[in-house]
Amino acid sequence: MAKNTSPDCKQCRREGMKLFLKGERCLTKCSFDKRPVVPGQHGTAKKKFSEYGMQLREKQKVRRTYGLLEKQFRIYYEKATRSKEGTGWALLKMLELRLDNVVYRMGIGSSRSESRQIVNHGHITVNGKKVNIPSYQVKVGDVIQIKENKQNIEMFKELKEAKVNTPKWLEFNPSTLTGKVLALPERDDIDMNIQEHLIVEFYSR
């Protein structure tokens, strides 16, 4: 399976902002805080982006935040263009409803990459059935749970004592390690500064 092997901190520096690709470590030991410049020998030089450059950077920022390769991201965009909703919002909604992102939003994984690994390793069930596909699209009413025979893994045992803050469209009970999709996400539920219209403009060229 193809995956992005670029160093996480370099991806943040490239986009000029924290993408929180390493979870809690981004709040403490973060190289972006020490060197918030673009990687490379000309990183400290001031650069004015063209219209195309701004569109590209916005697309790359969102793609890297959700941990997708270009081909995967383009497939989501093509699906979004067929939606009756606005293309930009339809794209973001599909990304938010990915199982690995929902696992991250519930606080089961400290980052999206860790959440993707948790799903890949078969630790998650949806409505009682094991699902190991990170891109699986959850639906309203779906019950997401850590498999009972995996709940004694140390990281999940620690989760039972944790205080979890979830967006209003999700709920998660740490004591039972069970969550539920209460509703579809709304635009203001996305806590990142994303200008989705720039992504649409990029692919519409």
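The values are calculated or read from the model by the stated rules, or taken from the named source; none is laboratory data. Bear in mind that the values here come from a model prediction, so they are computed numbers and not experimental data. Heads up, the Cβs are rebuilt from the backbone with ideal geometry, glycines too, and the neighbour counts pull from every protein chain shown.
Listed by first and then second residue, the pairs linking a residue in the range 132-160 that is under 13 Å from Ser115 (Cβ atoms) to a residue that is of a type in the set (S, T, N, Q) and surrounded by fewer than 15 Cβ atoms within 10 Å (Cβ to Cβ), with Cβ atoms under 8 Å apart and 6 or more places separating them unless they lie on different chains, are Asn132/Asn120; Pro134/Asn120; Ser135/Gln72.
Any chance the range 135-143 includes a residue that's polar (S, T, N, Q), within 30 Å of Val200 (Cα to Cα) and at pLDDT 95 or above? So that I can check it myself, show each step before the final result.
As a first pass, look at the range 135-143 and keep what is polar (S, T, N, Q): 135, 137.
Next cut, within 30 Å of Val200 (Cα to Cα) only: 135, 137.
Then drop every residue that is not at pLDDT 95 or above, which leaves 135, 137.
Yes, the range 135-143 contains at least one residue that is polar (S, T, N, Q), within 30 Å of Val200 (Cα to Cα) and at pLDDT 95 or above.
Looking at Gly122, Gly67 in this structure, which one is modelled with pLDDT of 90 or more, part of a loop (DSSP other than H, G, I, E, B) and under 13 Å from the mean Cα position of the chain (by Cα)? Of the residues listed, the single one that is modelled with pLDDT of 90 or more, part of a loop (DSSP other than H, G, I, E, B) and under 13 Å from the mean Cα position of the chain (by Cα) is Gly67.
Selection within the range 93-114: residues that are not basic (Lys, Arg) and not in a helix (DSSP H, G or I). The member of this set that is surrounded by the fewest Cβ atoms within 10 Å (Cβ to Cβ) is Ser110.
Here's the yes/no breakdown for (1) modelled with pLDDT of 95 or more; (2) surrounded by 15 or more Cβ atoms within 10 Å (Cβ to Cβ); (3) under 28 Å from Tyr77 (Cα atoms):
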residue	(1), (2), (3)
Gln151	no, yes, no
Glu154	no, no, no
Lys157	no, no, no
Lys160	no, no, no
Phe172	yes, yes, no
Ala183	yes, no, yes
Asp191	no, no, yes
Ile199	yes, yes, yes
Arg205	no, no, yes
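Considering only residues in the range 175-190 that are in a loop (DSSP other than H, G, I, E, B) and without any contact (Cβ under 8 Å) to a residue 24 or more places away in the chain, the one that is farthest from the chain's Cα centre (by Cα) turns out to be Ser175.
Restricted to the range 78-92, and to residues that are buried (at least 21 other Cβ atoms within 10 Å of the Cβ) and of a type outside the set (Gly, Ala, Ser), which residue is nearest to Phe172 (Cα to Cα)? Among those that are buried (at least 21 other Cβ atoms within 10 Å of the Cβ) and of a type outside the set (Gly, Ala, Ser), it is Leu92.
Residue check: is Glu171 outside the structural domain of Arg74 (by TED's automatic domain parsing), without any contact (Cβ under 8 Å) to a residue 12 or more places away in the chain, more than 28 Å from Met54 (Cβ to Cβ) and in contact with a strand residue (DSSP E or B) (Cβ under 6 Å, 6 or more places away or on another chain)? So Glu171 passes the test.
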